[in-house]
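Working notes, beginning with the structure itself.
Bear in mind these aren't lab numbers, they're just calculated from the coordinates by the rules spelled out. All figures in this text were calculated on a predicted structure; none of them were measured in a lab. Please note: Cβ atoms are built from the backbone with ideal geometry, for glycine as well, and neighbour counts cover all protein chains shown.
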Amino acid sequence: MLRNRHSTGVPGVNRRVAHDVRTTPWAALLLTLVLALAGCSGGDADKSESGGPAGETASEPIATDAQLGAVKGRLTDTAAAEVLAQVTEVVDRWFDNAYAGDYPREKFDTAFADFTKDARGLAVQQAAILSNTEVGADLEAVEITQRVVRVDVLAPKGKVAGATVRFRLGVAMSGGVERTDRVTGRLMLTPVAGGWQVFGFDVLRGEEGS
Amino acid sequence: MRPRFQQVMRTMLLGGLLGLMALVVPDSTPAPTEYTLVKFEKTAGVDVDPDVVWILAVGSDARPRENPLRSRGDALQMIGMNTKTGAATSIGIPRDSWVPIQGVGSNRVNAALYFGGPQLLGRTVGNLLGVEPDYVLVATFSGLANLVTSIGGITVDNPRAFADEHLHPKGFKAGKVRVNGMKAVEFGRIRKSLPGGDFDRSANQQLVLRGIRARVAERASEPGFIEGGVLNVLKHLHTKGVSAAQLFRIAQAVAQVDPAKVTTCVLPGAIGNIGGASVVIPNTAAARRYGNDARKDATLRC
């Protein structure tokens, strides 16, 4: 199993927050919807979903627990590691620009920088779920308490064609809003020149424990 | 302080798809295997909403070693998916609908595939509904059966018990029925014992589509399910110039359809007799109304 640990890459994140880092059980997610297309077994995926690393101090940016999930098709270890790194980088940028960072703030204009134009337009309409836009101005600080990423890859004949990211993010907010949200779901990506782009999402956000 | 945040919010959407696709599959390509995806060459000036993808799904009655692209379409469903809202619709076209076919004259709609392949069939159905497909997907009996098997079978909500002494003598009971493989195909093929004949058969085909949707939805969050599905389809899909990434996007669009926003209708018509053959005289006004209704947003009222 390939694993990557990525720092947030955002200096100063999480350093002003007094919350304890908490780990909670992975609440089963009912993701979904529709129609045709052929199936598969999907049985080779990592199902541990063990959650983010426990025991981090609040002053340290939490690392992303990134692992390769199901790979459908052929992929060398090197290529798989590259996909994992590139896709995780995109997801990390979204995590950091949409939820982490310095607060209070009102600008989230880079939150969906790695989304396709259409997906970005849709994401902006759902910004309360896909970012902290709605509460950013009221917050004093945000601590990311959990960053878990699993990357399923489609690679027919060794050529990478798409990826689904299953993720779990813990967002502890303080200031005018005091609560910890759990953001979970899937991002759908395809490779583009120079990296990956998010073209779809299925995201659930709710207060931890609700 | 703001009120305590308690509700769980969810969003799931896809960016538009059409601008990202450039499928080119000429009609003259060799006989395909189980599925064939054809980019339909739209006529100029057709009003198309880029958020709605239209796929004419065709169940071919080709037997083994016959070319499914030059057979007769046994099942015809015009499926629209709105990638921004998650809405989807299917307009069932009775197979025996008597319609004008360009360059051929009037004939049963399903004969358009035989005479002119997917392009002519797409044009014929497009002329009937006023909505042209973006793609024509032709599946053989075995293709559909394998698809249903590969997702672990489906459940159909059958409104009435029915059987067919040749296709399925044991019959299907009313209510929720679990079907797999060729049983799913038989469910959508039986006509003679249904009170509404061709119309009820088309409605049954839509029940199969709904069953497939539900099953895919159920499994969509399984690790690698969509990726594995696409890989499986690629093994049996006949296309040229279609990238795996494009299929991956289509597959994700399928998996994002909102079950609460699925509407299905069967084009009404009257039973007629032409040259001694029983045919359906389609209600062309209803066809146009359906097309106009669903064109922009893939929602429909029957």
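I'd like the FRET efficiency for B:Ala277 and B:Lys235, computed as 1/(1 + (r/R0)^6) with the beta carbon distance as r and R0 of 41 Å, rounded to 0.05. The formula returns an efficiency of 0.55 here. With r defined as the distance between the Cβ atoms of B:Glu66 and A:Glu140 and R0 fixed at 56 Å, what FRET efficiency is calculated, to the nearest 0.05? Efficiency for this residue pair is about 0.20. About the centre of its Cα atoms, region B:193-302 shows a dipole size close to 240 debye [charges on the beta carbon of Lys, Arg (+1) and Asp, Glu (-1) only; nearest 20 debye].
Fewest-first ordering of B:Ile91, B:Ile154 by other beta carbons within 10 Å of each residue's beta carbon gives B:Ile154, B:Ile91. The HN-Hα couplings worked out from phi for region A:85-94 by the Karplus form 6.51 cos²θ - 1.76 cosθ + 1.60 (θ = phi - 60°) are 5, 5, 5, 4, 4, 5, 5, 4, 4, 5 Hz, whole numbers, x standing for Gly and Pro. Between A:Asp77 and B:Glu165, the simple spin-label model (points 7 angstrom out along Cα→Cβ) gives 6.5 nm. The modelled label-to-label distance between B:Thr155 and B:Arg178, using points 7 Å beyond Cα along the C-beta direction, is 1.0 nm. Each Lys and Arg contributes +1 and each Asp and Glu -1, all at the Cβ; summed about the Cα centre of region B:117-205, the dipole is approximately 340 debye. The calculated FRET efficiency for the pair A:Asp102 and A:Ala193, based on their C-beta separation and a Förster distance of 30 Å, comes to about 0.40. Summing +1 for each Lys or Arg and -1 for each Asp or Glu among the other residues whose beta-carbon sits under 15 angstrom from that of B:Asn273 gives -1.
Of the residues A:Asn132, A:Ala79, A:Phe112, the one whose Cα sits farthest toward the positive end of the charge dipole of region A:56-190, with +1 on the Cβ of Lys and Arg and -1 on the Cβ of Asp and Glu, is A:Ala79.
Working from label points 7 Å from Cα in the Cα-to-Cβ sense, the B:Lys296 to A:Glu207 distance is 4.0 nm. Ranked by how many other Cβ atoms sit within 10 Å of their own Cβ, fewest first, the residues B:Glu132, B:Glu227 fall in the order B:Glu132, B:Glu227.
For B:Gly269, the amide hydrogen comes within under 5 Å of the amide hydrogens of B:Asn283, counting only partners 5 or more places away or on other chains and with H modelled in the peptide plane.
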